[in-house]
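Only the coordinates and a few stated rules stand behind these numbers; no lab work does. Values in this document were obtained by computation on a predicted structure and should not be read as measured data. Please note: Cβ atoms are built from the backbone with ideal geometry, for glycine as well, and neighbour counts cover all protein chains shown.
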Amino acid sequence: MIRDRRKIEELCEAHPELSELLTAQMPRHVAMIMDGNGRWAKQKGMPRSAGHYEGVKSVRRVTELSSDVGVDYLTLYAFSTENWNRPQEEVDTLMHLIGIAIEQELPDLMKNNVRLYLIGDLSRIPNEALNRLRGAEEATRENTGLKLLMCISYSARWELTEAARRLSRRVAAGEISADAIDEAVFADHLATAEFPDPDLLIRTAGDCRVSNFLLWQIAYSELKFTDTLWPDFDKPEYGRILLEYQHRERRFGKTSEQIRTN
């Protein structure tokens, strides 16, 4: 259900091809791999850090549109566990930027009733950045609109390994039998246990891979890869992808005929 019809009407007036956004059923959960900041900066003869700073504007745009059109959950891949292997100067810049950016965006998060969640191996994040992130997470705790999941120091293999460890400890303690572990029980031990799986995964910047992101959760997600670099990803393009999603047939292993008769 659209949360801010006026804003969507204004967007549709500027981009008539998006008029269906006013009536289309939105995906409940959208996940995004935000790629291309460094390449964007390189193309412009700027340091990579400039691309990361510019990318914050795209985060604001997709969060606003997700909230306005009625997406319930938006998950952003902000920093992977593999990113710790980047040059130290870039890692330091990213950690500083992530903390500062969330703090600066907090007034808009509050205004738009967005609740922030942090997912990942947060023990590796420097205290200054982590304190800012935790502060924003706590400040939005009572918000009831869009749920914004920020995956920081995250990888799917880390998440799956941690889930296996938690389950093995419970089995060793006699809290649960090994035979009782099924897909639902395993999913309940993931970092995303309280959230539905993504309906749509979007990756920018042209690479057609999922890069160790939500491997369990995207088993049946619709995938969309765009050549647009993340700092250039805007509301009109996001809107067009949302509309494209509407015309895909999601069968979940069934036939088209079964889907049509249900």
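Subtract the Cα-Cα distance of residue 164 and residue 234 from 0.36 nm times their separation in residues, and report this length gain in nm to one decimal.
Net length gain for the segment: 21.4 nm.
Provide the per-residue ³J(HN,Hα) series for region 209-221, in order, calculated from phi with Karplus coefficients 6.51, -1.76, 1.60 and θ = phi - 60°, each as a whole number of Hz, with x at glycine and proline positions.
Once rounded to whole Hz, the list reads 8, 9, 6, 6, 10, 6, 4, 5, 6, 9, 3, 10, 6.
Of all the C-alpha pairs in region 51-132, what % are more than 19 Å from each other?
Everything past 19 Å amounts to 40 percent.
May I ask which residue of 160, 236, 135 lies farthest towards the positive end of the charge dipole of the chain, with charges of +1 (Lys, Arg) and -1 (Asp, Glu) on Cβ and the Cα centre as origin?
It is 160, whose Cα lies furthest towards the positive end.
Any idea what the dipole of region 10-86 comes to, in debye rounded to 20, about its Cα centre with Lys/Arg Cβ at +1 and Asp/Glu Cβ at -1?
Computed about the Cα centre, the dipole is about 640 debye.
Give me a comma-separated list of calculated 3J(HN,Hα) values for region 173-182, in order, Karplus coefficients 6.51, -1.76, 1.60 applied at θ = phi - 60°, integers in Hz, x for any Gly or Pro.
For region 173-182, the Karplus-derived couplings read 7, x, 7, 8, 8, 4, 5, 7, 7, 10 Hz, x marking Gly and Pro.
Convex hull over the Cα atoms of the chain, averaged projected area in nm²?
16.3
Where does the longest stretch of the chain lie that holds no trypsin sites (Lys or Arg not before Pro) found in a DSSP loop with 15 or fewer other Cβ atoms within 10 Å?
45-140
Considering region 1-121, what Rg and Dmax in Å follow from its alpha-carbon atoms?
My reading of the Cα-based Rg and Dmax gives 16.3, 47 Å.
Only helical DSSP H runs with n ≥ 4 go in: add -39500 (n - 2.57) per run for the chain, normalise by residue count and round the 222 nm mean residue ellipticity to 500 deg cm²/dmol.
-14000 deg cm²/dmol
Could you give the C-alpha radius of gyration of region 117-245 expressed as a fraction of 2.2 N^0.38 Å, taking N as the number of residues it contains?
After normalising by residue count via 2.2 N^0.38 Å, the value is 1.25.
Work out the P(r) tail for region 187-234: percent of alpha carbon pairs separated by more than 13 Å, whole number.
Details: 679 of 1128 pairs.
Pairs farther apart than 13 Å: 60 percent.
May I ask you to derive the relative contact order of the chain, considering only C-alpha pairs under 8 Å and at least 6 residues apart, and to give it as an integer percent?
26
Based on other C-beta atoms within 10 Å, arrange 158, 230 from fewest to most.
With the fewest neighbours first, 158, 230 line up as 158, 230.
Please compute the length gained on full extension between residue 244 and residue 188, using 0.36 nm multiplied by the number of residues separating them and subtracting their Cα-Cα distance.
Result: 17.0 nm gained on full extension.
What list do you get for 72, 35, 234, 182 if you sort them by fewest beta carbons within 10 Å?
Sorted ascending by nearby Cβ count, the order is 182, 234, 72, 35.
Using the Karplus equation 6.51 cos²θ - 1.76 cosθ + 1.60 (θ = phi - 60°), what ³J(HN,Hα) coupling, rounded to whole Hz, does each residue of region 85-95 give in order, writing x for Gly and Pro?
7, 6, x, 4, 4, 5, 4, 4, 5, 4, 4
Please list the three semi-axes, largest first and in whole Å, of the ellipsoid equivalent to region 50-196, using sqrt of 5 times the eigenvalues of its alpha carbon gyration tensor. Show your work: numbers first, answer last.
On the way: eigenvalues 175, 81, 33 Å².
Output for region 50-196: semi-axes of 30, 20, 13 Å.
Among the lysines, which have Cα under 24 Å from the Cα of residue 57 when same-chain residues fewer than 8 positions away are ignored?
7, 42, 44, 111, 147, 224, 235
Please give the charge dipole size of the chain, origin at the Cα centre, charges +1 on K and R Cβ atoms and -1 on D and E Cβ atoms. Round to the nearest 20 debye. Please list the in-between numbers first.
Details: 35 positive and 42 negative charges, 34 e Å.
Dipole size: approximately 160 debye.
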